[in-house]
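These notes are about the structure you will find just below.
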Amino acid sequence: MSADPAPVRKPEDAPLVEAMLHLLDGKTGQQVTLGEFVDGMGSRGFGFVLIVFGLLAAISLPGVGSLMGGPLILFALQLMGGLKRPWVPGFLARRSISADNAKKTIERGHRWLKKIEIFAKPRVSWLTEGLIQRLVGLFCLLLSAVILMPGPFTNNPPGMAITLLGFALAERDGILMLIALAASVVAFVLGLSAFIAVAIALWVWASGYF
């Protein structure tokens, strides 16, 4: 007798990268919108948007990365308000990219994203729910404010910390959540200190002309 086929996992139950690739199956040659991605992530939507915009803030050029602070503040406020799924404004939800390019990008990043996925798994899930989600929203709000500030290290550390918070939410991993919250404190201090240092240096430089 042949063995029963393995059950197909829903996108919400699969590892995050696998879930994203699953959403792109059958869309070869088509466009996919951010709204479709968020809807497809279901209850993991907040984790997904934090990862996307957190990564963009961390790896983009300083001026471009700072632009990610606006959407991140929006999602942070929604988390603080207790929303179960993110609301994406129409102008963002309608933004589309080639499904083929999106799949290639995800597959290129799969190697190092997989390292996080190997560690991340559903455990101590209560540390990713309820009041903790509101706390995540507060941390993201503070980190997003730093991302909006000009200066070195105001984008990269906060962006990576938000990405970790997103993974913890998406994978319902309470242990990773504790690590991400600790990383968020460090990132906030680094980013704010960098901004203050730049502000002082500019003040000293400008004071020489008065």
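Nothing in this text is a laboratory measurement; each read-out follows from the coordinates by a stated rule. Quantities reported herein were computed from a predicted structural model and do not represent experimental measurements. Counting neighbours? That spans all protein chains shown, and the Cβs are built from the backbone with ideal geometry, glycine included.
Summary of computed values
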item: Computed label-point distance, nm, for sites His22 and Lys121 using a 7 Å Cα→Cβ extension; result: 1.8 nm
item: Mean Cβ neighbour count within 10 Å, used as a protection proxy, ranking 98-104, 168-174, 198-204, 71-77 highest first; result: 168-174, 71-77, 98-104, 198-204
item: 0 to 90° range, to nearest 10: angle between helix 69-80 axis and the chain longest Cα axis; result: 60 degrees
item: Difference of contour (0.36 nm per residue) and Cα-Cα distance, Val204 to Leu131; result: 22.0 nm
item: Sum of -39500 (n - 2.57) over DSSP H runs of 4+, divided by residues of the chain (222 nm, nearest 500); result: -22000 deg cm²/dmol
item: Listed values (i) 18.7, 89; (ii) 22.3, 89; (iii) 22.0, 98, entry calculated as Rg and Dmax of the Cα atoms in Å; result: (i)
item: Mean separation of Cα contacts under 8 Å (6+ apart) over length of the stretch 16-207, as relative contact order %; result: 30 percent
item: Nearest-ten-degree value, helix 174-207 long axis tilted from longest Cα axis of the chain; result: 30 degrees
item: Assigned charges on the beta-carbon of Lys, Arg, Asp, Glu; the chain dipole about Cα centre (debye); result: 100 debye
item: Cβ crowding within 10 Å averaged over residues, with 151-162, 79-90 ranked highest first; result: 151-162, 79-90
item: Fewest-first ranking of Leu34, Leu61, using other Cβ atoms within 10 Å as the exposure measure; result: Leu61, Leu34
